[in-house]
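**Q** Pasting a structure here, questions to come.
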Amino acid sequence: QVQLVESGGGLVQPGGSLRLSCAASGIIFSINDMGWYRQYPGEQRELVAAISRSGNTNYADSVKGRFTISRDNAKNTVYLQMSRLKPEDTAVYYCSSWSLKGGYWGQGTQVTVSS
């Protein structure tokens, strides 16, 4: 079965850094576009960062210059390096995969930015 397992979430102070990881199984990782989304309570999920199978990246304006998405096809893993974190980055972060066969979501991991 398809599994996207996020890790690395937690509590961090404003200005701090955190790295999220998403380990994928059950998909051909190299042909999937990968992304990170976040969701605030009562809101729709919003795109944070995405990386295509060809390595092209795009970011939400709110995180551009602070977050970096990367992928390691040999490890079937996508990462989100988050720096200079702000309280408004507090959300549940979800890993996603997408190919012509369909899309999948991870279970989500909580990121809390607070002093």
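**Q** Checking Asn58 against (1) among the polar types (S, T, N, Q); (2) within 11 Å of the chain's Cα centre (by Cα); (3) over 18 Å from Gly10 (Cβ atoms): exactly one of these is not met. Which one?
**A** Failed condition: (2).
**Q** Which pairs have Cβ atoms under 6 Å, sit 6 or more apart or on different chains, and link a residue in the range 79-92 that is acidic (Asp, Glu) to one that is assigned to a strand (DSSP E or B) and surrounded by 15 or more Cβ atoms within 10 Å (Cβ to Cβ)?
**A** Between residues of the range 79-92 that are acidic (Asp, Glu) and residues that are assigned to a strand (DSSP E or B) and surrounded by 15 or more Cβ atoms within 10 Å (Cβ to Cβ), the close pairs are Asp89/Val113.
**Q** What number of residues in the range 69-100 are of a type outside the set (A, V, I, L, M), in contact with a Ser or Thr (Cβ under 7 Å, 6 or more places away or on another chain) and within 22 Å of Ser115 (Cα to Cα)?
**A** Final tally of qualifying residues: 5.
**Q** Find the strands (runs of 3 or more DSSP E) located wholly in the range 74-115 whose residues include 1 or more that are modelled with pLDDT under 95 and surrounded by 12 or more Cβ atoms within 10 Å (Cβ to Cβ), and list them.
**A** Filter on the range 74-115 gives an empty set.
To keep it simple, each residue is scored yes or no on (1) in contact with a Lys or Arg (Cβ under 8 Å, 6 or more places away or on another chain); (2) assigned to a strand (DSSP E or B); (3) under 17 Å from Pro87 (Cα atoms).
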residue: Glu6; (1), (2), (3): no, yes, no
residue: Leu11; (1), (2), (3): no, yes, yes
residue: Leu47; (1), (2), (3): no, yes, no
residue: Gly55; (1), (2), (3): yes, no, no
residue: Thr68; (1), (2), (3): no, yes, no
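**Q** For Gln44, only one of the following conditions fails: (1) of a type in the set (S, T, N, Q); (2) surrounded by fewer than 17 Cβ atoms within 10 Å (Cβ to Cβ); (3) in contact (Cβ under 8 Å) with a residue 40 or more places away in the chain. What is its number?
**A** Failing condition for Gln44: (3).
**Q** Please specify each residue of the range 20-41 satisfying the condition of being hydrophobic (A, V, I, L, M, F, W, C) and either assigned to a strand (DSSP E or B) or open to solvent by less than 20 Å² (accessible area, probe 1.4 Å) (or both).
**A** Selection gives Leu20, Cys22, Ala23, Ala24, Phe29, Met34, Trp36.
The values are calculated or read from the model by the stated rules, or taken from the named source; none is laboratory data. Here the structure is a predicted model, which is why all the values come from computation and not from measurement. When we count neighbours, we look across all protein chains shown, and the Cβ atoms used for this are built from the backbone with ideal geometry, even at glycine. Calculation scope for accessible area: heavy atoms of the full protein, side chains included, ligands and nucleic acids excluded. Shrake-Rupley method; radii C 1.70, N 1.55, O 1.52, S 1.80 Å.
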